[in-house]
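The values are calculated or read from the model by the stated rules, or taken from the named source; none is laboratory data. In this text the structure is predicted, and so the values were computed from the model without any measurement. In this analysis, Cβ positions are derived from the backbone assuming ideal geometry, glycine residues included, and neighbour counts consider all displayed protein chains.
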Amino acid sequence: MTKFVFVLLVLYLSKASGGCRDGWERFDSNCYLLSQDRTSWSEAASFCSALHSHLAIVTSDDEFNFLKSTIIHRNGQRNQYWIDGTDEEVEGVWRWASIDQKITYFNWGRGQPDQTQHANCLHLWSGSGFQTADGVCETHLNFICQSVYNDETDTMMFG
Ligand SMILES: [Ca+2]
């Protein structure tokens, strides 16, 4: 009986935290994790993948504003954050790597992108209020993982 109550409590707490794993923030139908560590863009992508997620795919002003306020709330005005976009294959043609789709929503910081063929990975840049900038993929930056909000999966796997 005690065990049953405990399971119910865990289920309740999982619900209460929005169905995202500990440390992840919910927005809409997704969960987001701000990294504590800095890595290259490809290492960041692998890290997210290992957590059954991908680098953040930002597709609206609302989503952008959520990430910006979460960054500032959690970590202040510091740091840059890799997200999923890259123009590694064709210079100037930006794609979301994890879903292999051309990017249609952009939120470039002023003067961005400014590094052309040397900078093929997208990050949220503190210098422009966390609007996007192109960055050199090998640079070690923080990053944001994104996963689908899934009540049952989260509760069962991580509750
Ligand atoms: Ca480029």
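For this structure, a couple of remarks:
- If you go through the stretch 112-126 and keep only what is touching a Ser or Thr at 6+ places or on another chain (Cβ under 7 Å) and near the ligand (Cβ under 7 Å from one of its atoms), you end up with just Asn120.
- Taking first residues from the stretch 104-116 that are within 13 Å of Thr59 (Cα to Cα) and partners that are within 14 Å of the ligand (Cβ to nearest atom), the Cβ contacts under 6 Å between residues at least 6 apart in sequence or on separate chains come to Asn107/Thr132; Trp108/Thr132.
- Test: residue in the stretch 73-91 that is farther than 19 Å from Leu33 by Cβ, surrounded by fewer than 20 Cβ atoms within 10 Å (Cβ to Cβ), of a type outside the set (D, E, K, R) and within 16 Å of the ligand (Cβ to nearest atom): yes
- Residues (touching a residue at least 24 places away in the same chain (Cβ under 8 Å), aliphatic (A, V, I, L, M) and within 15 Å of the ligand (Cβ to nearest atom)) located in the stretch 92-103: Ala97
- Which listed residue is within 19 Å of Ser35 (Cα to Cα), out of contact with any helix residue (DSSP H, G or I) (no Cβ under 6 Å at 6 or more places or on another chain), among the polar types (S, T, N, Q) and in a loop (DSSP other than H, G, I, E, B), from Thr59, Thr104, Thr139, Thr132: Thr139
- Residues (surrounded by fewer than 19 Cβ atoms within 10 Å (Cβ to Cβ) and modelled with pLDDT of 95 or more) located in the stretch 120-131: Gln131
- Any pair with Cβ under 8 angstrom, 6 or more apart, that starts in the stretch 117-138 at a residue that is touching a residue at least 40 places away in the same chain (Cβ under 8 Å) and ends at one that is within 11 Å of the ligand (Cβ to nearest atom) and part of a helix (DSSP H, G or I): Asp134/Thr116
- In this structure, Asp134 does satisfy being among the charged types (D, E, K, R), within 16 Å of the ligand (Cβ to nearest atom) and crowded, with 19+ Cβ neighbours inside 10 Å.
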